[in-house]
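Each remark here refers to the structure printed beneath this line.
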Amino acid sequence: QVQLVESGGGAVQAGGSLRLSCAASGNIFSFDVMGWYRQAPGNQRELVASITRGGNRNYADSVKGRFIISRDIAKDMMYLQMDSLKPEETAVYYCQAESWNPRRDFWGQGTQVTVSS
C-alpha cells in the first residue's frame, strides 16, 4: 500500500530554518503532483507549496521567496526547505500526493513544526 511519511519537523526560533522530507513507498510510479499543506490549531488546512511531475512549482503567497519545494522522483522523495520561519507558521505540516489517471490522493500523518518568537 502507498504510504507517505514526513520527517524533519521540530522546534526552531523565529528566523530559523527547517527542511521537511516526505518519503513515499509502495508505488514505483511517480505521482502527478505532490505538495505540502499545513494546519494550525483553529485554522483551515492550507496549501503551502506543490510540485508536478514535470517540475512546475506553486507557492502560497505568504511563503514565496522563503520556501523551496523540490522532488526527487527517482528516490520517491519530496522536500520543503523553509527559511526565515515565522511564529505564525507553527503548524502540522502534511505531505500530499496525487495521481490523475487513475485519480488517487494520499496523505501523510503530518509532522509538527513549532516556531518560537
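Here the extension length gained between Arg19 and Arg66 equals 15.7 nm, from 0.36 nm per residue of separation less the Cα-Cα distance.
On the protein heavy atoms, probe 1.4 angstrom, tell me the percent of accessible surface of the chain carried by carbon and sulfur. Don't skip to the answer; put the middle values down first.
On the way: 3040 of 6370 Å².
Heavy-atom surface of the chain belonging to carbon and sulfur, 1.4 Å probe: 48 percent.
Computed over protein heavy atoms with a 1.4 Å probe, the accessible surface of the stretch 1-64 works out to 56 Å² per residue. Farthest towards the positive end of the charge dipole of the chain, among the residues Asn101, Met77, Gly54, is the Cα of Gly54, using unit charges on the Cβ of Lys, Arg, Asp and Glu. Measuring with a 1.4 angstrom probe and ignoring ligands and nucleic acids, Phe31 comes out at about 10 Å² accessible.
The solvent-accessible area of Glu98, taken with every protein chain present and a 1.4 Å probe, is close to 50 Å².
Nearest 20 debye, what's the magnitude of the dipole of the chain about its Cα centre given +1 on Lys and Arg Cβ and -1 on Asp and Glu Cβ?
Working: 12 positive and 11 negative charges, 29 e Å.
The calculation lands at about 140 debye.
Per-residue 3J(HN,Hα) values for the stretch 71-76, derived from phi via the Karplus relation 6.51 cos²θ - 1.76 cosθ + 1.60 with θ = phi - 60°, read 8, 10, 5, 4, 9, 6 Hz in sequence order (x marks Gly and Pro). Please list, in order, the residues from the stretch 1-42 whose amide nitrogen is less than 16 Å from a point placed 7 Å along the Cα→Cβ vector of Lys75. In the stretch 1-42, the label zone of Lys75 (backbone N under 16 Å from the point 7 Å along Cα→Cβ) covers 5-9, 19-25. The ellipsoid that matches the Cα gyration tensor of the chain has semi-axes, each √(5λ) in whole angstrom, of 24, 14, 13, with the longest given first.
The values are calculated or read from the model by the stated rules, or taken from the named source; none is laboratory data. Because the structure is predicted, anything quoted here is derived from the model rather than measured. All Cβ positions, glycine included, derive from the backbone under ideal geometry; neighbour counts span all protein chains shown. Note: accessible area is taken over every heavy atom of the protein model, side chains too, but ligands, DNA and RNA are not part of it. Shrake-Rupley method; radii C 1.70, N 1.55, O 1.52, S 1.80 Å.
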